[in-house]
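> Before we start, here is the structure in question, set down as structure tokens.
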Amino acid sequence: MTPEEFHAYALAAADPDGRLPLARMTGWDISPFEQDGLRTNPLRPPVLPEPARHGEDPADCSSCRNRDAGLWLNENWRLTRVGGVGVPLVLMLHSRDHYDFEDLPDELAAEFGLLSARIARHVKALPGITRSHVYRISDGGAHLHVWFFARPEGQGQLFGSWLVIWDDLLPEYPADLADADAETVVDALIASHGGHRPTS
Ligand SMILES: [Zn+2]
């Protein structure tokens, strides 16, 4: 479908205001929202061409400016902790050079596979953590960045694709505890993959 055809197709399922029915996910018993009183926003028409993402031009890319910053680095990659979140730990893996995921050279893509599995393994091994969700979305920033979300053990509502919404509802997790967990992951990553903490 063209963008216009897709919009028209979706609107055929919407009410006269362009509001689609509630998501099936809101009917799950782990939904953070009750369906009563909830309604969708009208579906907007497509905007073409799409607005540029942050860092589409490497000269304006904040990730390129911070290529030497992070909790952990090696020649190709760096790892940071995302603050202000509700789950116990969110880490972000960035390529040090300016690539989007689809443009990664094979050698870096191969290392990404190993590295992301190792980071997820080390996050999952933290006390009180039962899963490491891994997300690459790339709608906001052009420079490759991959999210690792630690799911707290036993909180079965913080499940699957609802986790990021619950994360936004929860109070901010204590930064000192998140810092300590991040350092544990860095120690394990240096042991499994090499690399180092920042030198300056
Ligand atoms: Zn960049």
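The values are calculated or read from the model by the stated rules, or taken from the named source; none is laboratory data. Being a predicted model, the structure only gives us computed values, none of them experimental. So basically every Cβ, Gly included, is an ideal-geometry build from the backbone, and we count neighbours across all protein chains shown. The accessibility values were calculated without ligands, DNA or RNA, using every heavy atom of the protein model including side chains. Shrake-Rupley method; radii C 1.70, N 1.55, O 1.52, S 1.80 Å.
> For Phe33, Phe159, what's the largest-to-smallest order of accessible area, 1.4 Å probe? Kindly include the intermediate steps, with their values, before the conclusion.
Numbers: Phe33 80, Phe159 105 Å².
Reading off the accessible areas and sorting them downward yields Phe159, Phe33.
> I want to check the label-to-label distance for His196 and Asp176. Put each point 7 Å from Cα in the C-beta direction and report it in nm to one decimal.
3.0
> Pop a pseudo-label 7 angstrom from the Cα along the beta-carbon direction at both Leu48 and Asp106 and give the gap in nm to one decimal.
Reported label-point gap for Leu48 and Asp106 is 3.5 nm.
> At 1.4 Å probe size, what's the solvent-accessible area of Asp97? Round to the nearest 10 Å².
80
> For Glu34, what accessible surface area do you get with a 1.4 Å probe? Give it in Å², rounded to 10.
150
> Enter the Cα centre distance for the pair segment 106-141 and segment 66-88, rounded to the nearest angstrom.
Between the Cα centres of segment 106-141 and segment 66-88 lies a distance of 12 Å.
> Give the calculated FRET efficiency between Thr40 and Phe159 to the nearest 0.05, with a Förster radius of 30 Å applied to their Cβ-Cβ distance. Walk me through the intermediate numbers first.
Details: r = 22 Å, r/R0 = 0.73.
Efficiency for this residue pair is about 0.85.
> Once both labels are modelled 7 Å past Cα along the beta-carbon direction, what's the Ile30-Glu5 spacing in nm?
Each label point lies 7 Å from its Cα, and together they span 3.6 nm.
> Here is a further query. Averaged per residue, what accessible area in Å² does segment 139-191 show with a 1.4 Å probe, protein chains only? Walk me through the numbers before you get to the answer.
Values: 2640 Å² over 53 residues.
With all protein chains present, segment 139-191 gives 50 Å² per residue.
> Sticking with this one: How much solvent-accessible surface does Arg67 expose, in Å² to the nearest 10, with a 1.4 Å probe and all protein chains in place?
About 80 Å², ignoring ligands and nucleic acids.
> Using a 1.4 Å probe on the protein chains only, how many percent of the accessible area of segment 1-50 belongs to carbon and sulfur?
That fraction is 55 percent.
> Here is a follow-up. What does the net charge come to around Glu75 if you take all other residues with beta carbon closer than 13 Å to its beta carbon, with K and R at +1 and D and E at -1?
On the way: positive: Arg67, Arg78, Arg96; negative: Asp68, Asp97, Glu107, Glu111.
Cβ neighbours under 13 Å give a net charge of -1.
> Give the shape of segment 1-157 as rounded, prolate or oblate, defined through the alpha-carbon gyration tensor: a ≥ b ≥ c are the square roots of its eigenvalues, a/c under 1.5 means rounded, and otherwise the shape is prolate if a/b is larger than b/c and oblate if not. Can you show the working numbers first?
Working: a/c = 2.55, a/b = 1.34, b/c = 1.91.
Note, shape of segment 1-157 comes out oblate.
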